[in-house]
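Nothing in this text is a laboratory measurement; each read-out follows from the coordinates by a stated rule. Only a predicted model underlies this, so the values are computations on that prediction, with no experimental measurement involved. Neighbour counts run over all protein chains shown; Cβ positions are idealised from the backbone, glycine included.
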Amino acid sequence: MVNPLFLDEEHEMLRDQIRRFVAEKVHPAADQWEQDGCVPREILREMGSLGFLGIRYPEEYGGSAMDTRATVVLAEELGRSTYAGFAITALVHTDMASVHLFNAGSPEQRAAHMADVVAGRKIVAVAVTEPDAGSDVKGIRTTARREGGDFVLNGSKMFITNGVHADLYCVAVKTDPGGPASRSVSMILVEKDTPGLSVARVLDKTGWRSSDTAELSFQDCRVPAENLLGEEGQGFYAIMRNFQNERIVLAAMTMGEAQAALDLTLDYVKTRAAFGGPLWSKQAIRQRLAMLSARVAAARAFVYATAARDAAGEEVVKEVSMLKALCGELVNEVMYDCVQFHGGTGYMRGTTIERMARDARVQSIGGGATEVMLEEVAKRL
């Protein structure tokens, strides 16, 4: 159903297309992806052929040139798939990593890579977080030393989604370690198989099992100086700008997850008999699910409204920070109660709600922890 306040017919057509793809290609196979620890490349290429990986990019690269509203539809529907590891694999590529290449890349860099990125032939990761620096981007320690026509990278990156199988890495580095923190960070594009770049560890996570996650090592990793993305010393500001897109995408994804969990639980409590009737006959359960449904609907409307304002060019840093905190906490509250109402079944490996609850836990951590987001909101009150 079209929401005339924020979405139009083309967004609902996109939603229907994504739902069909999820039903036909994801649901029958994704349990195996959870065991394998990654999404098959042919799935990502198929998403590219359907236009899902280039929604925001220009037609010259094979994209659809749509706006933030289309992005949140994509994120919500991938979240609704119930396989958040699959969802984050695609969304990091589309809205958290490749945006650095598109937004800051030179015409030559875009020409070399963007068509392949949009088609799913090249997968992108963004490498900012380190063992001692996550939301505190100014605290990164990985360095890029200029030597003639090259940069030489040394350091490590942690918790990098798509880090095992990516073809391109957008890496945050210190190019002026002695300079002001906010003007010492740069972004550099590093291609797979560059000598000195290695996957130090494949990380074993609680959730997002079908998303490959790595610790990366850079040891005298030499890349051409022309791989610099944007201007030297402007990486911190690029990361901050792109965080806004990342956070609204994550908020939309979580609301897709939350709605799917509620739908699943409603089906369960209406058929599960206990104490002489279905669980749905218990007032406490009905009212709790009703209130959670209302809160998810309100948060989703907030996501749509903020996306529409962002698409119109408005400043929405406060609202995006609110959304990231609100939705990251709400999805976990939803999952807690949905597991509870499934009883012992909800605690068993192999059940959908158990997997979803594990997957959701990171949503109040990754992309900006709730506590960090609330401080960003407080600064703007």
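Quick check on region 237-379: what are the equivalent-ellipsoid semi-axes from the Cα gyration tensor, as sqrt(5λ), descending, whole Å?
So the three semi-axes of region 237-379 are 33, 15, 11 Å.
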> Roughly how many nanometres apart are two label points built 7 Å out from the Cα toward the Cβ at Asp36 and Ala111?
Replying inline: 3.6 nm
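For region 5-84, what does the convex hull of the Cα positions come to per residue, in cubic angstrom?
Details: hull volume 7.3 nm³, N = 80.
Cα convex hull per residue, to the nearest whole number: 91 Å³.
Go ahead and run the numbers for FRET between Val372 and Ala273, Cβ-Cβ distance against an R0 of 56 Å, rounding to 0.05. Before the final figure, lay out the partial values.
Numbers: r = 45 Å, r/R0 = 0.80.
Calculated transfer efficiency: 0.80.
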> Suppose R0 equals 22 Å; then what is the FRET efficiency for Gln17 and Ala298 from their Cβ-Cβ distance, rounded to the nearest 0.05?
Replying inline: 0.25
>> Residue by residue through region 28-36, what is 3J(HN,Hα) from phi via Karplus (6.51 cos²θ - 1.76 cosθ + 1.60, θ = phi - 60°)? Round to whole Hz and write x for glycine and proline.
In response: x, 10, 6, 4, 5, 4, 4, 6, 6
>> Taking a virtual spin label 7 Å from the Cα of Ala65 along the C-beta vector, which residues in region 88-120 bring their backbone nitrogen under 15 Å of it?
In response: none
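Using the count of nearby Cβ atoms within 10 Å as a rough guide to exposure, how do Thr370, Thr161 rank from fewest to most?
Numbers: Thr370 17, Thr161 25.
Final ranking by Cβ density, sparse to dense: Thr370, Thr161.
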> In deg cm²/dmol, rounded to 500, what helix-only [θ] at 222 nm does the chain give when every DSSP H run of at least 4 residues adds -39500 (n - 2.57) and the total is split over its residues?
Replying inline: -15500 deg cm²/dmol
>> Under the 0.36 nm per residue contour assumption, what length would be gained going from the current alpha-carbon distance of Leu50 and Val199 to full extension?
In response: 50.6 nm
> Under a GNM of the chain (C-alpha, springs under 10 Å), which listed residue has the highest mean-square fluctuation: Pro195, Pro278, Pro131?
Replying inline: Pro278
> Under a Cβ-Cβ cut-off of 10 Å, what is the net charge of the residues other than Phe341 that fall near it, where Lys and Arg count +1 and Asp and Glu count -1?
Replying inline: +2
> If you add up the charges near Tyr169, with Lys and Arg at +1 and Asp and Glu at -1, over every other residue whose beta carbon is less than 15 angstrom from its beta carbon, what do you get?
Replying inline: -3
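Whole-Å semi-axes of region 125-232's equivalent ellipsoid, largest first, each the root of 5 times a Cα gyration tensor eigenvalue?
Working: eigenvalues 103, 51, 23 Å².
Its equivalent ellipsoid spans semi-axes of 23, 16, 11 Å.
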>> Multiplying the sequence separation of Lys318 and Tyr237 by 0.36 nm and subtracting their Cα-Cα distance, what value in nm do you get?
In response: 27.5 nm
> Points 7 angstrom from Cα along the Cβ direction at Asn103 and Glu10: gap in nanometres?
Replying inline: 2.2 nm
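Under DSSP H, which helices of the chain have Cα atoms covering 24 Å or more of the helix axis and a Kyte-Doolittle average no less than 0.0?
Working: long enough: 235-271 (53 Å, 0.22); 283-311 (42 Å, 0.32); 317-342 (38 Å, 0.43).
Helices meeting the criterion: 235-271, 283-311, 317-342.
R0 = 41 Å: FRET efficiency of Asp176 with Lys25, Cβ-based, nearest 0.05? Don't skip to the end; give the middle numbers.
Working: r = 46 Å, r/R0 = 1.12.
Efficiency, from the Cβ-Cβ distance: 0.35.
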> Based on the Kirkwood radius over alpha-carbon pairs, what is the Stokes-Einstein translational diffusion coefficient of the chain at 25 °C with 0.890 mPa s viscosity, in µm²/s?
Replying inline: 115 µm²/s
> Which whole-Hz ³J(HN,Hα) couplings does region 100-106 yield from phi under the Karplus relation 6.51 cos²θ - 1.76 cosθ + 1.60, θ = phi - 60°, glycine and proline marked x?
Replying inline: 5, 5, 6, 6, 10, x, 6
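Once a ≥ b ≥ c are taken as the square roots of the eigenvalues of the Cα gyration tensor of region 238-285, is the result rounded (a/c under 1.5), prolate (a/b larger than b/c) or oblate (a/b not larger than b/c)?
Values: a/c = 7.82, a/b = 4.80, b/c = 1.63.
Since a/c reaches 1.5 and a/b is larger than b/c, the shape of region 238-285 is classed as prolate.
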> Between Asp132 and Arg146, 0.36 nm times their residue separation minus their Cα-Cα distance comes to what?
Replying inline: 2.7 nm
> Where does each of 23-32, 203-212 land if you order them by average Cβ count within 10 Å, highest first?
Replying inline: 203-212, 23-32
